[in-house]
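Down below is the structure, laid out as structure tokens.
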Amino acid sequence: MLYRLLRFVFTLYCAIPMLLSLLVVVPLYFFVFNLASKERASQIAHRISQGWARFLYLAFFIRFKLRHTERIDPNGLYVFAGNHRSFLDIPAWAMACPHTFRFLSKAELAKVPMLGYVIRKLYITVDRKDKHDRYRSIERMMSSLRENVAVFLAPEGTRNTTGDPLLPFKDGAFRLAIAAQVPLAVLVLHDADQLLSPKRPCEMRPGILHGEWLPPFETVGLTESDLETFKLNVRNAMTEVLARGPLEI
């Protein structure tokens, strides 16, 4: 009981730098998106996101250890994907990617005060209950790739609150990578839910978050008929790494 109380108090503390930093970064995003060109705005906004993520992890006393960064070509174009077990994943995704990219986000998050503005500008939103909106989101992601701006998706579609290492995968990330004929780069995060559980969002704790890039999965020559095999290969690789656990740097 005392341990959970301490985690709750720590979470209250973490809310302070989160809210204060939000008051700073939202105006920064506003100026960037209204004064810079579309291409430059995306690049600058991504750097702001990375700086914000680093500040939050520093304030939360969380250290992010990332392995195998050499597997990602900083000049390459990718569809990025990662497992999703905690709200802490999102800052880690931003810090891990040297590329400018756009998240695929649930449409309801765009309604959150202040943060919603950032999401509408930086993310590609989708109403998963609307079949037509799902198709539109695919086209928006394809358009982003044509502009040489990567996209980042969570293949599970939502945070994993189960005891299983991964939820069943949606088709989106894999279908997109095949259609665009660009590699799928997968980031595996270990035990983010131990620092902030989706079941207990008011009980954060400091610690170390481990992440590692898998070797990119090539899609050149793959077609829609390869979709299920492609999904299975990626899932097996992620499951193996999650079962093995983090490696110390």
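Structure summary
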read-out: Within region 2-244, percent of DSSP bridges classed antiparallel, to nearest 5; value: 20
read-out: Prolate/oblate/rounded label for region 134-249 (Cα gyration tensor, a/c 1.5); value: prolate
read-out: Cα shape, region 2-244, gyration tensor, a/c 1.5 rule; value: oblate
read-out: FRET E, pair Val9, Leu66, Förster distance 25 Å, beta-carbon r, rounded to 0.05; value: 0.30
read-out: Part-to-part distance (alpha-carbon centres) for region 58-107 and region 220-235, which is given in Å; value: 23
read-out: Rounded if a/c under 1.5, otherwise prolate or oblate - region 41-173, Cα gyration tensor axes; value: rounded
read-out: Cα-Cα P(r), region 150-198, percent of pairs per 5 Å interval; value: 4, 18, 27, 22, 14, 9, 5, 1
read-out: Cα-based Rg of region 182-249 normalised by 2.2 N^0.38 Å, two decimals; value: 1.41
read-out: Selected from Ile48, Phe33, Met18, residue furthest toward positive end of dipole (region 1-87; charges at beta carbon); value: Met18
read-out: Simple label model, 7 Å out from Cα along Cβ direction - Lys199 to Leu20, nm; value: 3.4
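Each reported figure results from applying straightforward, stated rules to the coordinates on display, with no laboratory input. In this text, all values refer to a predicted model and were calculated from it rather than measured experimentally. With ideal geometry, Cβ positions are generated from the backbone for all residues, glycine too; neighbour counts draw on all protein chains shown.
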